[in-house]
Amino acid sequence: MTASVKKRKKAKVLREDCVACGACVNVCPAAAVIIHKGIWADVDHDRCIGCSKCAAICPASAIRMEIS
Ligand code: SF4
Ligand code: SF4
């Protein structure tokens, strides 16, 4: 029997849609999001726990949850 590795979804920012509002940074419980150079949000996948809060709050629908 092989051990299965659970894959967790991670937040991915669609940079062309991000308006750098910072809402995702404020809502993230894992402090996984930073605003890169004031232009777009960037997610640290090592920190992201896949809670989807950022995707839910983003006013620009710029965050997708994807299997990494
Ligand atoms: S999915 Fe959750 S943990 Fe991951 S970046 Fe978004 S708010 Fe943070
Ligand atoms: S909430 Fe959406 S638009 Fe605002 S900084 Fe995050 S990804 Fe960009």
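Bear in mind these aren't lab numbers, they're just calculated from the coordinates by the rules spelled out. Just so you know, these numbers come straight off a predicted model, no measurement behind them. Cβ: placed from backbone, ideal geometry, glycine included. Neighbour counts: every protein chain shown.
For a quick check of your reading of the filter: which trypsin sites (Lys or Arg not before Pro) in segment 20-68 sit in a DSSP loop and have no more than 16 other Cβ atoms within 10 Å?
LYS37, ARG47
Assuming 0.36 nm per residue, please report the length gained on full extension of the stretch ALA31 to LYS7 beyond their Cα-Cα distance.
Contour length minus Cα-Cα distance gives 6.6 nm.
Towards the positive end of the charge dipole of the chain, with charges on Cβ (+1 Lys, Arg; -1 Asp, Glu), say which of ILE49, ALA31, ALA62 has the farthest Cα.
So the residue furthest toward the plus end is ILE49.
Taking a cut-off of 23 Å between Cα atoms, list the lysines near LYS37, but don't count ones fewer than 8 places away on the same chain.
Cross-link targets: LYS10, LYS12, LYS53.
If you line up the Cα atoms of segment 12-67 on their principal axes, what length do they span on each, largest first, in Å?
Rounded to whole Å, the extents work out to 23, 19, 18 Å.
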